[in-house]
Each structure stands twice: as structure tokens, then as C-alpha cells.
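Supplied in C-alpha cells, the structure appears directly below.
Please treat every number below as a calculation from the coordinates, not as lab data. Because the structure is a prediction, the values reported are computed rather than measured. Neighbour counts are summed over all protein chains in view; Cβ atoms, including those assigned to glycine, are modelled from backbone coordinates with ideal geometry.
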Amino acid sequence: MTDEFSDRTKRGSLLATIAAMYGFGNALIYGLGTIFDWRLTAGISAILPLITLVIFYLLPESAIWLVRKNRLHEAKDSLNWSYGPGHEMQ
């Protein structure tokens, strides 16, 4: 998904950020596991994926997927949502 929306100059740093966030998340959960009971730690670690699930439900479909389904107007709307108004879309 990162390659669909990111500029070529920023793509590497965005992918590196994803890997760093995975590492940070693992370290955070291991750290919480040393402080709290395993049930509370599991509950805390379930909150972020649930929030992510809700956010993904609210996001528009990918412009590439919409173009493949021949829904070009919706693809343009999706790109306008992603990049904001004022960008040239074809």
C-alpha cells in the first residue's frame, strides 16, 4: 500500500518507518508484559489493532483497485482524498 501513495523519494523512509514501528510495538508489549499481568497486557495490545480495523473501514478504496474495476470517477475521488485538492489527476 505504501508504494501506491508515496512519492519515490519518500518511499524508502516510509518502509523503514513501518519496520521501526513493528520493532517499537514488540518492545512496548514486552515491556508492558514485565509490569502487568498477561491478561491486561493482551487486552492493551488488542486495542491498537481494533482501532486500526475501524480506521481501515473508513478509508476509501485504493485508486488502483478502483481503476481495475473500471470505476474511474471513484478512483479520481480516492486520489483527491489521498493527495488533497489541487493535484493533477488523470
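So how do 35-42, 70-77 stack up, highest first, on mean other-Cβ count within 10 Å? Write down the numbers at each step before the final one.
Working: 35-42: 11.2, 70-77: 13.8.
Answer by packing, highest mean first, reads 70-77, 35-42.
Continuing with this model, one more query. Rounded to the nearest 0.05, what FRET efficiency do Ala46 and Ala19 give with R0 = 25 Å and r taken as the Cβ-Cβ distance? Could you check?
On the way: r = 22 Å, r/R0 = 0.88.
In this case the efficiency is close to 0.70.
Here's another thing I want to ask about it. Angle check, please: helix 38-58 long axis (alpha carbons) against the longest principal axis of the chain (alpha carbons), in degrees 0 to 90, nearest 10.
10 degrees
Go ahead and estimate [θ] at 222 nm for the chain from helices alone: -39,500 (n - 2.57) per DSSP H run with n ≥ 4, summed, over the residue count, rounded to 500. Spell out each step's value before the answer.
Working: 5 runs with 71 residues, N = 90.
That comes out to -25500 deg cm²/dmol.
Now, a different point. Per Stokes-Einstein, at 25 °C and 0.890 mPa s, what whole-number D in µm² s⁻¹ belongs to the chain, with the Kirkwood radius over Cα pairs as the hydrodynamic radius? Spell out each step's value before the answer.
Values: Rh = 15.9 Å.
Rounded to a whole number, D works out at 154 µm²/s.
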